[in-house]
1. Give the residue that is farthest from Val34 (Cα to Cα), with candidates limited to residues of region 53-80 that are assigned to a loop (DSSP other than H, G, I, E, B) and of a type in the set (Asp, Glu).
2. What number of residues within region 1-35 satisfy the criterion of being more than 21 Å from Thr239 (Cβ to Cβ), of a type outside the set (S, T, N, Q) and either over 23 Å from the mean Cα position of the chain (by Cα) or assigned to a helix (DSSP H, G or I) (or both)?
3. For a quick check of your reading of the model, give me the residue pairs whose first member lies in region 12-25 and is within 18 Å of Val73 (Cβ to Cβ), whose second is in a loop (DSSP other than H, G, I, E, B) and aromatic (Phe, Trp, Tyr), with beta-carbon atoms closer than 9 Å and at least 6 apart or on different chains.
4. Quick one: count up the residues across region 2-38 that are at pLDDT 90 or above, over 26 Å from Tyr86 (Cα atoms) and open to solvent by 100 Å² or more (accessible area, probe 1.4 Å).
5. I'd like the residue in region 95-111 that is of a type in the set (S, T, N, Q) and touching a residue at least 60 places away in the same chain (Cβ under 8 Å) and, out of all such residues, is most open to solvent (accessible area, probe 1.4 Å).
6. Would you check if there is a residue in region 112-120 being without any contact (Cβ under 8 Å) to a residue 60 or more places away in the chain, open to solvent by 70 Å² or more (accessible area, probe 1.4 Å) and within 25 Å of the chain's Cα centre (by Cα)?
7. Look at region 194-248 and say how many of its residues are closer than 27 Å to Val34 by Cβ, touching a His at 6+ places or on another chain (Cβ under 9 Å) and aliphatic (A, V, I, L, M).
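The values are calculated or read from the model by the stated rules, or taken from the named source; none is laboratory data. Predicted, not measured: the structure shown is a model, and the values here were computed from it. Using ideal geometry, Cβ is built from the backbone for each residue, glycine included, and neighbour counts are taken over all protein chains shown. Each accessible area value is taken on the protein alone, full model and side chains, heavy atoms only, with ligands, DNA and RNA left out. Shrake-Rupley method; radii C 1.70, N 1.55, O 1.52, S 1.80 Å.
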Amino acid sequence: DMRFVHYGVNPTIDTAETPLSTFSVDVDTASYTVTRGHLERGHLPDPASVRVEEFVNRFDAGDAPPQAGPFAVHAEAFPSPNRRGYHVLRLGLKAQVIDAADRQPAHLTFVVDVSGSMQRDDRLGLVKQALGLLAGQLDERDSVAIVGYAGDATVLLEATAATDRDTILTALGKLAPRGSTNAHAGLMLGYRLAQKRQHLPGVHRVILCSDGVANNGVDDPDALAERIAEFAQEGVGLTAVGFGMGHY
């Protein structure tokens with residue numbers, strides 16, 4: 001089942017007493033995507049899933065990138081439309097825009113859920129389509145490896161130059177749904193493949209593609225998160241991409 005938590009509304013503070021505010025440089029837009037998906041299917045989302053900041057972050061504010069330095073700060077204020085005597089302050093953080101030709105090499109390991117519930121065009125079918133498109137965006141600087149997991153994990157493609165698109169597409173064609181969901185086995189095998197290439201310069205990342213929570217092997221989210229954090233400290237990051245709606 002999908003579960004959302006309402007964390008409440010931040011209280012009004014006296015800036016004379018608390019003049020500092022912190023915020024993350026990560027941008028999350030998931031709430032907008034979830035809400036849009038519910039509305040497109042003709043029903044309202046769980047109120048706890050609607051997060052204002054993730055709606056705001058979804059749209060491009062048109063802020064200019066920095067002329068020097070890693071980021072630029074943009075600010076604008078206007079009278080609050082809801083609270084007389086108050087003002088709304090928008091702060092925008094705009095990072096440098098890196099041209100594709102100047103980016104670092106990308107060494108990507110895809111860990112794909114091939115459990116039975118992925119047997120749908122908007123799940124495993126969409127994974128194959130997305131990875132096929134991505135293969136066309138990579139170049140000679142990059143490499144790709146692919147792991148499939150259900151009750152166990154299997155290497156479908158050892159580290160391969162991204163320019164060898166025929167080999168990559170052949171490996172994607174081997175992705176077929178079967179069995180339960182042992183995300184831990186898939187992740188650990190994916191990390192081992194990623195670590196083999198850590199001597200290469202560039203970005204090293206495992207990309208998890210799944211429609212749901214683990215139900216086999218190590219399935220405790222905190223235990224998984226702890227292990228993932230250890231790999232991140234060693235230089236291998238993780239991106240999780242959800243496919244389908246329901247219990248992801």
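1. Asp63
2. Of the residues in region 1-35, the ones more than 21 Å from Thr239 (Cβ to Cβ) are 1, 3-23, 35.
Keeping just the survivors that are of a type outside the set (S, T, N, Q) gives 1, 3-9, 11, 13-14, 16-17, 19-20, 23.
Next cut, either over 23 Å from the mean Cα position of the chain (by Cα) or assigned to a helix (DSSP H, G or I) (or both) only: 8-9, 11, 13-14, 16-17, 19-20.
Counting residues in region 1-35 that are more than 21 Å from Thr239 (Cβ to Cβ), of a type outside the set (S, T, N, Q) and either over 23 Å from the mean Cα position of the chain (by Cα) or assigned to a helix (DSSP H, G or I) (or both) gives 9.
3. Here the result reads none, with nothing in region 12-25 linked to a residue that is in a loop (DSSP other than H, G, I, E, B) and aromatic (Phe, Trp, Tyr).
4. Counting residues in region 2-38 that are at pLDDT 90 or above, over 26 Å from Tyr86 (Cα atoms) and open to solvent by 100 Å² or more (accessible area, probe 1.4 Å) gives 0.
5. By that ranking, first place goes to Gln104.
6. yes
7. Number of matching residues: 6.
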